[in-house]
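The values are calculated or read from the model by the stated rules, or taken from the named source; none is laboratory data. Quick caveat, the model's predicted, so the values are computed rather than measured. Here the Cβ is made from the backbone with ideal geometry for all residues, glycine too, and neighbour counts use every protein chain on show.
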Amino acid sequence: MLVWLAAGQIKEDRVKRALAAALATIACAAVPAQAGVSNGDDENDYEGRVDKINGYYFGFDLNDSKTKAKGITARVGYECDNDDLVVTLVEANGQLNVNGAGEFSGKVSYKEGPNSGVEYRVRGSLGNKGKASGTLKGKYEDPFYDTPCRTGRVDWRARRGADVETR
């Protein structure tokens, strides 16, 4: 699901980003799921918020041996070169190795189907009591509008077994 919000001068101001997330939540409430897009029915093992903003989501799964982070899903706002804000929910393809200290980092992307052109650079660490935290940088190259969009570096926190709405 892809939402183009108001053109204009939306900057890093958290209040404007929170308002944009709320508008996107309302706009996307009735949009059906598509390939590469989660509607919240497929829950991740770890779920949480990005920059503590309602409507912005980060989630991932671990394989059984806890050596791979996969199913990395984020719903974040991308600021575009034309001053638009795009909010989209995408589950990226690929997986990241988790080292013995519980840390993972690398790039995953979604290149086919709706919302193709999304790439995440993710850093994370598994903490105590099912907690995880890290950072995400997202890039979105919309082939239709030919407009590069980026998230900048955002922080995420997640908890194993949490039930966080993706919209």
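Looking at (1) over 14 Å from the mean Cα position of the chain (by Cα); (2) small (G, A, S); (3) under 20 Å from K111 (Cα atoms); (4) modelled with pLDDT under 85, find the lone condition where G36 falls short.
Of everything listed in (1) over 14 Å from the mean Cα position of the chain (by Cα); (2) small (G, A, S); (3) under 20 Å from K111 (Cα atoms); (4) modelled with pLDDT under 85, G36 misses just condition (1).
Take segment 54-79 and flag every residue that is within 12 Å of the chain's Cα centre (by Cα) and either closer than 19 Å to D163 by Cβ or modelled with pLDDT of 95 or more (or both).
Selection gives G55, Y56, Y57, F58, G59, F60, G71, I72, T73, A74, R75.
One line per residue, one yes/no per condition, for (1) out of contact with any Asp or Glu (no Cβ under 7 Å at 6 or more places or on another chain); (2) more than 19 Å from E43 (Cβ to Cβ); (3) buried (at least 17 other Cβ atoms within 10 Å of the Cβ); (4) in contact (Cβ under 8 Å) with a residue 12 or more places away in the chain:
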residue	(1), (2), (3), (4)
G59	no, no, yes, yes
D83	yes, yes, no, yes
K131	yes, no, no, yes
D142	yes, yes, yes, yes
R153	yes, yes, no, yes
W156	yes, no, yes, yes
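Determine which member of the set S105, S109 is more than 12 Å from the chain's Cα centre (by Cα) and either under 14 Å from R153 (Cα atoms) or without any contact (Cβ under 8 Å) to a residue 60 or more places away in the chain (or both).
Just a single option satisfies the conditions, and that option is S105.
Considering only residues that are in contact with a strand residue (DSSP E or B) (Cβ under 8 Å, 6 or more places away or on another chain) and part of a loop (DSSP other than H, G, I, E, B), look in segment 105-122 and name the one that is modelled with the lowest pLDDT.
N115
K11 - would you say it is part of a loop (DSSP other than H, G, I, E, B), modelled with pLDDT of 85 or more and charged (D, E, K, R)?
No: the conditions fail for K11.
Any idea how many residues of segment 50-104 are acidic (D, E) and assigned to a strand (DSSP E or B)?
Total meeting the criteria: 4.
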